[in-house]
Amino acid sequence: MLSEQVRAKTDRELKKYPPDRKQSAVMSALRFVQDEKGWINTEDMADVAAYLDMPQMSVYEVATFYNMYNLKPMGQHTLTVCTNLSCQLVGAMETLNYIKNKLGIGVGEVTADGKFGLREGECQNVCDEAPLLMINNKKTCGHLTKEKIDQILAELEKE
């Protein structure tokens, strides 16, 4: 069952759409669930579907299509490295490999202490700052170098 907070936020979102277009709030509702618990499971998707009066499969399709949704626990800090073409041309794969080696995990994995999860992502629309990564789908860090990555990881480690 969706929490009272998720329902309240979703209700505010629903006011933006005509009453017969409740499904338009699906991405926001999924984000609210993820913000609350860190990831979205199939039960959460079913609850969102029921709340928005839409098929469970439609919610599942949205959640699995967009890489911003965590379908399993991805750690306290989910690092998403953009590996789209613009970023690849200026070192995204080297950046990804450096982070993998630094954290000792692969893409889709979480460090043993649960602090960091690592993902590849599609274009984050900040190509002029490539290569870049996004932290928890909220903070973008660009013009990455090994030194800058080390600094970012050290700051996140303190949290």
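Which angle between 0 and 90 degrees, to the nearest 10, do you get for helix 92-103 versus the longest principal axis of the chain when only C-alpha atoms count? With both axes taken from Cα atoms, the answer is about 90 degrees. Normalised by the number of residues in the chain, the average gap of Cα pairs under 8 Å and 6 or more apart makes the relative contact order 19 percent. Counted by Cβ distance under 15 Å from Lys16, the other residues give a net charge of +3, where Lys and Arg count +1 and Asp and Glu count -1. Helix 26-37 axis versus longest C-alpha principal axis of the chain: approximately 60°, rounded to the nearest ten.
Can you flag which of Lys22/Lys115; Lys138/Lys158; Lys72/Lys115 are past 26 Å Cα-Cα?
The answer is Lys22/Lys115.
Quick one: which of Lys37/Lys148; Lys102/Lys139; Lys15/Lys37; Lys9/Lys100 span more than 26 angstrom between C-alpha atoms? Exceeds cut-off: Lys37/Lys148; Lys9/Lys100.
Each DSSP beta bridge with both residues in the chain is either parallel or antiparallel, and the antiparallel ones are about 55%.
Just to confirm a number: summing +1 for Lys and Arg and -1 for Asp and Glu over residues other than Asp113 whose beta-carbon lies under 15 angstrom from that of Asp113, what do you get? Net local charge, Asp113 excluded: 0.
Using Cβ point charges alone (K and R +1, D and E -1), the dipole size of region 4-65 about the Cα centre works out to roughly 300 debye.
Over the C-alpha trace of the chain, radius of gyration and Dmax come out as 17.2, 51 angstrom. Taking Cα atoms only, the orientation of helix 4-14 departs from the longest principal axis of the chain by about 80 degrees. Over region 4-65, the Kirkwood radius and the radius of gyration, each from Cα atoms, give a ratio Rg/Rh of 0.92.
Can you work out the FRET efficiency for the pair Ser3 and Asp113, with r the C-beta to C-beta distance and R0 = 22 Å, to the nearest 0.05? After rounding, the FRET efficiency stands at 0.25. Between amide H atoms placed 1.01 Å from N, distances below 5 Å from Phe116 occur with Gln76, His77, Thr111, all of them 5 or more places distant or on a separate chain. When the Gaussian network model of the chain links Cα atoms closer than 10 Å, the mean-square fluctuations of Asp20, Asp44, Asp35 top out at Asp20. Here the 3J(HN,Hα) profile of region 54-70, calculated from phi with Karplus coefficients 6.51, -1.76 and 1.60 at θ = phi - 60°, is 9, x, 4, 4, 5, 5, 4, 4, 5, 4, 8, 7, 8, 7, 7, 9, 8 Hz, Gly and Pro shown as x.
Read the figures in this text as sums done on the coordinates, not as results from a lab. All of these numbers come straight from a predicted model, not from anything done at the bench. Don't worry about glycine lacking a Cβ; one is built from the backbone with ideal geometry, like all the others, and counts go over all protein chains shown.
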